[in-house]
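Report on the structure given below.
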């Protein structure tokens, strides 16, 4: 966790969807004089203000399904740190019952939390046309521009200074592309972010 009073300097900030895994909804909370009568919510992997995050590498996270908003999760050794949560997470839509694993249905239902995330290494992000038909583009994959195809393509394991925030396996489909002066590999050879030790 990073103390927000110790965060200095300017960088790109984006509203992000938080994949906190399964959200368990309970109505059994007790107070001094009995049952509270309101639901409580426990996150499978809770994300808080000041936490480091990585992009959530999931095929459900397409530009269309997320409304163009990136999805972040807690970092792992395979997917490095790419941002810091700057605001207190809030529910986009409060779940009425315990949610399932992260999938397209969760995005459609909207039962997740959102927060502002600052991306220290990034200078900008743009909506761009991509072609994931030949090689699927995962969130955090480096991308390169195709002059002939007039679209971004999967960059493989070559870090190009540009990467995708979204999944795409179709031709002529939108993704959000992030640009940075420095992007390093992690244990995953084609995932951008600052290195994380296991």
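The radius of gyration of the Cα set in the chain, together with its Dmax, comes out at 17.8, 70 angstrom.
Mean separation of Cα pairs under 8 Å and 6 or more residues apart, divided by the residue count, gives the chain a relative contact order of 23 percent. Here the simple spin-label model places points 7 Å from the Cα toward Cβ, and for residue 187 and residue 45 these points are separated by 1.2 nm. Of all DSSP bridge pairs formed entirely within the chain, close to 90 percent run antiparallel.
Helix-only arithmetic for the chain: the sum of -39500 (n - 2.57) across DSSP H runs with n ≥ 4, divided by the residue total, places the mean residue ellipticity at 222 nm at -1000 deg cm²/dmol. In terms of packing, defined here as the mean over residues of other Cβ atoms within 10 angstrom, the peptides 126-134, 86-94 line up highest first as 126-134, 86-94.
Using a Förster distance of 25 Å, how high is the FRET efficiency between residue 96 and residue 172, based on the Cβ-Cβ distance and rounded to 0.05? Efficiency, rounded to the nearest 0.05: 0.10.
Each value in this text was obtained by applying a stated rule to the coordinates, not by laboratory testing. Note that this is a predicted model, so its numbers are computed, not measured. Don't worry about glycine lacking a Cβ; one is built from the backbone with ideal geometry, like all the others, and counts go over all protein chains shown.
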